[in-house]
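The values are calculated or read from the model by the stated rules, or taken from the named source; none is laboratory data. Predicted model, so just to flag it, every value in this text is computed and none were measured. Cβ atoms come from the backbone with ideal geometry, glycine included; neighbour counts cover every protein chain shown.
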Amino acid sequence: MRTAHRLPAVVLGAAIVVGSVLVAAPAQAHDSVIASTPAADAVVTELPEVFSVTMNENVLDLSGDGSTAFIQVTDAVGRYYGDGCVTIAGPTVSMPATLGDPGTYRVVWQLTSSDGHPTDEEFSFAWDPAVGVETVAGSATPPVCGVDSGEEAVDETTDPSAAPSATAEAPVDEPAEQPAGNADWLVWGGIALGVTALAVASALLLTRRRKQE
């Protein structure tokens, strides 16, 4: 009889656990991609304005300037396209688009989902530009926003011979040497003055003693 009374409680407890799992499961699901430009595996003939990825929830912009997300587009030989300036607008991450020679291109992207988890994926598309579509050469290194990859770094190193050395010693003005003759006369004059003073003092002392006698 006791077992019969406990059975409903066990069933009720199991139902509560199962229900909690079913309710929590959708909340723990990660955000997913719902669209991209270009579309995965598409054949593109006109240059799009941007490369973009759109999620089913808003993307977190942790830095406030889009730098916590990135989109990299490379061709078959590994050259990079786009300017590296990523914009986050609600659920969409985008970057201005450029493309080069016809062929297969690979898009790699990363962003922070609405639940705070990093999400990254990749896809490919074929580029078959129509006549007159502008193309570029691409870059050997990933683009950095605000930096022209075609510009060479300016060497700001100055010619070391043009600047004074930090370890160079400043010239020191040495005191002028006194002529040897003048120094000797000063020494002998002092000695003579001292002897004269001593003789005068002795004479005065001798005179006083004689008067006292």
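Would you mind finding the one in Asp120, Asp83 that is under 23 Å from Ala35 (Cβ atoms), in a strand (DSSP E or B) and at pLDDT 95 or above?
Asp120
For residues in segment 27-60 being part of a loop (DSSP other than H, G, I, E, B), free of Cβ contacts under 8 Å to residues at least 40 places away in the same chain and not hydroxyl-bearing (Ser, Thr, Tyr), which is surrounded by the most Cβ atoms within 10 Å (Cβ to Cβ)?
Asn56
Check segment 80-95 and report whether any residue there is exposed (fewer than 14 other Cβ atoms within 10 Å of the Cβ) and under 25 Å from Glu46 (Cα atoms).
Yes, that holds for at least one residue.
Could you say which residue among Ser67, Ser63 is of a type outside the set (Lys, Arg), touching a Cys at 6+ places or on another chain (Cβ under 8 Å) and at pLDDT below 95?
Ser67
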